[in-house]
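Heads up, the thing below is written out as structure tokens.
Bear in mind that the values in this text are calculations on the coordinates, not laboratory data. Note that the structure is a prediction, hence the values are computed from the model and not measured. A quick note on method: Cβ atoms are made from the backbone with ideal geometry, for glycine too, and the neighbour counts reach across all protein chains shown.
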Amino acid sequence: MKKETKQDSKIGVGLALGAGIGAAIGVAIDNIGVGVGVGVAIGAAVGAAMARQGNGSGDSE
């Protein structure tokens, strides 16, 4: 159960960072919705990759 919480938090961090970066991109291209959407998609991918990477590292607390 603890490992799932760690994965969820990594995905959450990725989503939060992606939304922030996406907002900046949205301001730059004058379309906040598109920027945030792209940022969230990228953030979810990065968060999922971080969560998967943590699985095989033998990192058990």
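Determine the sum of side-chain charges near Ala44: Lys and Arg each +1, Asp and Glu each -1, restricted to other residues whose C-beta is under 13 angstrom from that of Ala44.
Summing Lys and Arg as +1 and Asp and Glu as -1 gives +1.
Through the Karplus equation 6.51 cos²θ - 1.76 cosθ + 1.60, θ set to phi - 60°, convert the phi angles of the range 10-22 into ³J(HN,Hα) values in whole Hz; use x for Gly and Pro.
Whole-Hz 3J(HN,Hα) from phi for the range 10-22: 5, 5, x, 5, x, 5, 5, 5, x, 5, x, 5, x.
As a footprinting exposure proxy, order Ile29, Ile42 by other Cβ within 10 Å, with the fewest listed first.
Ile29, Ile42
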